[in-house]
1. If I ask for residues that are in contact (Cβ under 8 Å) with a residue 40 or more places away in the chain and over 17 Å from L168 (Cβ atoms), which ones from the range 220-236 would you list?
2. On the given criteria, is A138 surrounded by fewer than 22 Cβ atoms within 10 Å (Cβ to Cβ) and under 22 Å from Y289 (Cα atoms)?
3. Under 8 Å between Cβ atoms, at least 6 apart or on separate chains: pull out the pairs that start in the range 237-265 with a residue that is closer than 13 Å to A118 by Cβ and in a strand (DSSP E or B) and end on any residue that is open to solvent by 60 Å² or more (accessible area, probe 1.4 Å) and not basic (K, R).
4. Hey, could you check the range 96-121 for residues that are part of a loop (DSSP other than H, G, I, E, B) and modelled with pLDDT of 95 or more and say which is nearest to the ligand (Cβ to nearest atom)?
5. Confirm whether I211 is open to solvent by less than 30 Å² (accessible area, probe 1.4 Å) and more than 12 Å from the ligand (Cβ to nearest atom).
6. Just the residues that are acidic (D, E) and not in a strand (DSSP E or B), please, taken from the range 159-207.
7. Being part of a helix (DSSP H, G or I), at pLDDT 95 or above and buried (at least 18 other Cβ atoms within 10 Å of the Cβ) is the filter here; which residues of the range 277-296 pass it?
8. Looking at the range 22-40, I want the residues that are of a type in the set (K, R) and have a partner that is open to solvent by less than 20 Å² (accessible area, probe 1.4 Å) with Cβ atoms under 9 Å, at least 6 apart or on another chain. Which pairs are those?
Amino acid sequence: MTNDIPEKVQCLIIGSGPAGYTAAIYAARADLKPVLYTGLLTGGQLTQTTEVENYPGYPDGIQGTEMMENFEKQAARLGCDIRFGYVTSVDFSVLPHKVVVDETTTLLADTVIISTGASAKWLGLDSEQKYNGFGVSACAVCDGFFFRGQDIAIVGAGDTAAEEATYLAKLCRKVYMLVRRDEFRASKAMMHRVENTNNIEILYNTETKEILGDGQVVTGVEVFNNKTLQHQVLDITGFFVAIGHHPNTELFKDWLDMNETGYILTKNGSTQTNIEGVFACGDAQDHIYRQAVTAAGTGCMAAIDAERYLAAKEHLLTAV
Ligand code: NDP
């Protein structure tokens, strides 16, 4: 069943990570009466990490879940209408834009802010999920600090893995880099940086078989060399997965310009997409920085862009 008379909103925000809630805070304070749909993972990727130590304003660090609860409370206190729901389709061919939630509820929105985030790709091992947050991480910048002076492994051979391996090498005693083929995918410059870092040992033709632990935390990783057919256990306390991310933008692919991996393209220095009144922020459009604080920054930009767009439209209407 669908609703007969669609609800009309000025500003509809899709997604509840730092970008979405920050857009909500700014849009609410600009009196746009925003409505935010959380998606399935309320709070986004940060709810899947443990401690966040690099978000400014928390001198003692904060748990990711608690931080996102605070984002939500702040957005709600300022007047954002936060709803649990998953956007299942959009129609950006007409103004106002049409957005369908949970396949049943249609809303019409003057502006839409997309903050659907991205998801890390995982290897798909049970042990990887079991120890996620307890030695397994998909974000070196977020979690590397917890492994200072320790031995860790990182899987992947693209630019992200290369960048994260060199980042981790500054903090950790030893970094094993697990490369499944006999070559890197990363750019030559990044690859050379890895090769020239003394405490990184690159293991080529190496696949991850199982992450080992004591039931609480990671204690090692079993790897398999697909050339020599040898198994080996590496003693490590941290296991970083850097095999790519996929932006959660599938829903918009018929409407919005995207790069080849699905990140939404926005006009230089703004959050404006190729469709009037549709703005994108956070990890759905940023494949370079992907930090909570940068996502929050672009969420703020999206709300300001939406507010200015509506004000310019209003001005045109009253001028006619
Ligand atoms: P990529 O898709 O470029 O690389 C993924 C890597 O993970 C590949 O080496 C791939 O191996 C490996 N991999 C995938 N699945 C598995 C698996 N199951 N087991 C082991 N290894 C696996 O992703 P990135 O995140 O590295 O980069 C995404 C984009 O962002 C790229 O265009 C990159 O250039 C860009 N980027 C640029 C940066 C910069 O310029 N500073 C920094 C970071 C990213 P294989 O090679 O065998 O397929």
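1. V223, N226, K227
2. Considered against the rule, which asks whether it is surrounded by fewer than 22 Cβ atoms within 10 Å (Cβ to Cβ) and under 22 Å from Y289 (Cα atoms), A138 comes out as no.
3. Matching pairs, first to second residue: H245/H287; H246/T261; P247/T261; P247/H287; M258/L265; I264/D257.
4. Per the criteria, the residue is G117.
5. For I211, the condition - open to solvent by less than 30 Å² (accessible area, probe 1.4 Å) and more than 12 Å from the ligand (Cβ to nearest atom) - is met.
6. Here is the first cut: in the range 159-207, the residues acidic (D, E) are 159, 163-164, 182-183, 195, 201, 207.
Within the range 159-207, D159, E163, E164, D182, E183, E195 meet the criteria.
7. G282, D283, A284, A295, A296
8. Pairs that qualify, where the first residue is of a type in the set (K, R) and the partner is open to solvent by less than 20 Å² (accessible area, probe 1.4 Å), are R29/A303; K33/V9; K33/C11; K33/A27; K33/C80.
The values are calculated or read from the model by the stated rules, or taken from the named source; none is laboratory data. Treat the numbers as computed from the prediction; the structure is a model and nothing was measured. In this analysis, Cβ positions are derived from the backbone assuming ideal geometry, glycine residues included, and neighbour counts consider all displayed protein chains. When the accessible area is computed, the model is the full protein with side chains, heavy atoms only, and any ligands, DNA or RNA have been set aside. Shrake-Rupley method; radii C 1.70, N 1.55, O 1.52, S 1.80 Å.
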